[in-house]
Amino acid sequence: MADLGRLVHDHAVTEAAAFTLAENWHGGFYELALELGPTSDARLARALTAFGEVVAVPAWYGSHDREPHEQAAVGCTFESLRRYQHLRGIVALPDGTPVVCGMVAIREDGGSDWLDFYLPLGALERAVPQVAAFPYPVDADGALAHLTWRWPIDDWLADIGRRLHARAGYSLGLIGEEVSGRVYAADLDGEPPPEQRGIGYLIPAHGEVRYWRATQ
């Protein structure tokens, strides 16, 4: 697996891990989105601390307009996220390929706090060429072909989600393209919808987290 700390320090990053390559941040986000619960600064701060402990990102930064070696790290903290809105870093995919990544909180008025760890699809396509047409084509054969690259990444994100739940807890986890707010824990009866699933689900119950893969 890539030594990300060395990559950042030595400036020897691949294109998919370049902060200042604008196209890396385009195309939408592929996410692990966690519904934390009703708005709570303390809960959000705990979840951010847990992310910093669980996700193998060497350092977090406030800007994608400069490369990591050109700016100071800011930490995966509530204060940093409130100041910069997004936190950015570099993470290794399951096959070891380094890509840019980010963190953002979505705080709904009168609703839930969501914390999203994301891989920009622009960078993901550079690292995994099969991503190119995602989420299109939307026909059955095309959708199933996407599962060949999605499942390893989804399973990795699901493992992160399980470890995060042990540290910080949450109501629901969703995995897929820009999934926060697509469904809520209150909408489910302990299981995802019975029809074909375009996204992955992490549903906590009795101290454990059950995971359902996307099926289309």
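Inverting the pair-averaged 1/r between distinct Cα atoms of the chain gives 17.5 Å as its Kirkwood hydrodynamic radius. Scoring 37-44, 166-173 by mean Cβ neighbours within 10 Å over their residues and listing the highest first yields 166-173, 37-44. Considering only C-alpha atoms, what is the centroid distance from the stretch 26-93 to the stretch 164-212, in Å? That distance is 21 Å. Computed packing ranks the peptides 195-202, 54-61 as 54-61, 195-202, most packed first, by mean other Cβ atoms within 10 Å. The charge dipole of the chain, taken about its Cα centre with unit charges on the Cβ atoms of Lys, Arg (+1), Asp and Glu (-1) only, comes to about 520 debye.
On a per residue basis, the stretch 75-216 carries 46 Å² of accessible surface, using protein heavy atoms and a 1.4 Å probe.
Of the Cα atoms belonging to the stretch 29-147, the radius of gyration and Dmax stand at 15.7, 46 Å. Is the shape of the stretch 146-216 rounded, prolate or oblate, going by the alpha carbon gyration tensor and its root eigenvalues a ≥ b ≥ c, with a/c under 1.5 for rounded and a/b larger than b/c for prolate? In terms of gyration-tensor shape, oblate.
Which of the three applies to the stretch 69-118, rounded, prolate or oblate, going by the alpha-carbon gyration tensor with a ≥ b ≥ c and a/c under 1.5 meaning rounded? Oblate, because a/c is 1.5 or more while a/b does not exceed b/c.
The values are calculated or read from the model by the stated rules, or taken from the named source; none is laboratory data. Bear in mind the structure is a predicted one, so any value in this text is a computation, not a measurement. Note that we place each Cβ from the backbone using ideal geometry, even for glycine, and neighbour counts take in every protein chain shown. The area values use the complete protein model at the heavy-atom level, side chains included, leaving out ligands, DNA and RNA. Shrake-Rupley method; radii C 1.70, N 1.55, O 1.52, S 1.80 Å.
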